[in-house]
Amino acid sequence: MKKKFLAVAGLLCIAAMLFAEVSADETEKAYKILESADNVLAYHGDYSATISLVVEKPNKPKENLQYKIFQRTDKKLMTMVQLFPEADKGNGYLMDGDNLWAYDPISRKFTHTSIKDALGDSDLKVSDVDKSDRDIRKNYAIEDLKEGTLGKFEVYIVSVKATTNEPAYAKSRYYIRKDIPLMLKQENFSGSDRLMSTTLLPKYTKVPAGYVPTQIVTRDELNVGENTQMIMSELNFDNLPDRIFTKAYLEGLN
């Protein structure tokens, strides 16, 4: 009986260790790693860029999309207008804080939409191109912090769980370089831990304000063979006029 009790007690101890919450020190370290990965990027204030997307889906020809994006990251202001294909030219988005509108130049109407919506027919969500300052501590709880390698880089592996409705996914896992806090990979999961998408960031460019990921590949894990490659070009970090972040600006483009 005593041996059986000790065996059960041992199993319970192991289970408790497996399901133990991350310590306060590890939680704080994980938050600082995520914050460093945000701070090292060049998106602090105003910027503009051209976003070119190549969408690949099984049994379909490659699709090319292109957008011009303007953003004031510290104010959560964003205007995005589609440049290509010609049939969709002028379609746009306007974000002001927690509000996001989609603009249809044919009907000249704005429709309230969600940052979790897909960008065109790609595997990207609008949130994937939004570089607004994020309140990581408000929106995420730390689930795990590990160390490992990804390719030739030593990385921190930080797993988080969404605590508000703002994040696009219930759970995410980030692979962040140790030498320079650049995110190399992001895995996104449902609340039931099903892998939904994987994002790879193989190329960064150094600019005076920080680093910019210039090539991003997002793979749809639910539909085998679907992926979207995003290329960032024509980056500019000059101050933008306030009029760009208005409905009148999108209306005036057509």
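The values are calculated or read from the model by the stated rules, or taken from the named source; none is laboratory data. Predicted model, so just to flag it, every value in this text is computed and none were measured. Cβ sites come from the backbone with ideal geometry, for glycine too, and all protein chains shown count toward neighbours. When the accessible area is computed, the model is the full protein with side chains, heavy atoms only, and any ligands, DNA or RNA have been set aside. Shrake-Rupley method; radii C 1.70, N 1.55, O 1.52, S 1.80 Å.
Which residue, of N139, N188, is under 25 Å from G97 (Cβ atoms), open to solvent by less than 30 Å² (accessible area, probe 1.4 Å) and free of Cβ contacts under 8 Å to residues at least 24 places away in the same chain? Let's see the steps before the verdict.
Working: N139 fails: free of Cβ contacts under 8 Å to residues at least 24 places away in the same chain.
None of the others qualify; the one that does is N188.
Which members of the stretch 197-222 meet the condition of being in a loop (DSSP other than H, G, I, E, B) and either modelled with pLDDT of 95 or more or under 14 Å from L184 (Cβ atoms) (or both)?
Here is the first cut: in the stretch 197-222, the residues in a loop (DSSP other than H, G, I, E, B) are 208-209, 221-222.
Correct list: E221, L222.
Taken over the stretch 161-194, the residue count meeting the criterion of being at pLDDT below 95, more than 20 Å from L41 (Cβ to Cβ) and charged (D, E, K, R) is 0. Residues of the stretch 58-79 that are in a strand (DSSP E or B), in contact with a helix residue (DSSP H, G or I) (Cβ under 9 Å, 6 or more places away or on another chain) and open to solvent by 20 Å² or more (accessible area, probe 1.4 Å): F70, R72, L77. If you take the residues of the stretch 102-124 that are in a strand (DSSP E or B) and out of contact with any helix residue (DSSP H, G or I) (no Cβ under 7 Å at 6 or more places or on another chain), which of them is surrounded by the most Cβ atoms within 10 Å (Cβ to Cβ)? Restricting to residues being in a strand (DSSP E or B) and out of contact with any helix residue (DSSP H, G or I) (no Cβ under 7 Å at 6 or more places or on another chain), the top hit is A102.
So how many residues does the stretch 231-246 have that are in contact (Cβ under 8 Å) with a residue 60 or more places away in the chain, out of contact with any strand residue (DSSP E or B) (no Cβ under 6 Å at 6 or more places or on another chain) and either part of a helix (DSSP H, G or I) or open to solvent by 60 Å² or more (accessible area, probe 1.4 Å) (or both)? First the steps, then the outcome.
Within the stretch 231-246, the first condition is being in contact (Cβ under 8 Å) with a residue 60 or more places away in the chain, and the residues that meet it are 231-240, 244-246.
Then drop every residue that is not out of contact with any strand residue (DSSP E or B) (no Cβ under 6 Å at 6 or more places or on another chain), which leaves 238, 246.
Narrowing further to those that are either part of a helix (DSSP H, G or I) or open to solvent by 60 Å² or more (accessible area, probe 1.4 Å) (or both): 238.
Matching residues across the stretch 231-246 total 1.
Filtering the stretch 143-180 to residues that are touching a helix residue (DSSP H, G or I) at 6+ places or on another chain (Cβ under 7 Å), crowded, with 17+ Cβ neighbours inside 10 Å and part of a loop (DSSP other than H, G, I, E, B) leaves P167, A168. Test of understanding: among T199, T205, which residue is surrounded by fewer than 19 Cβ atoms within 10 Å (Cβ to Cβ) and not small (G, A, S)? On inspection, the qualifying residue turns out to be T205.
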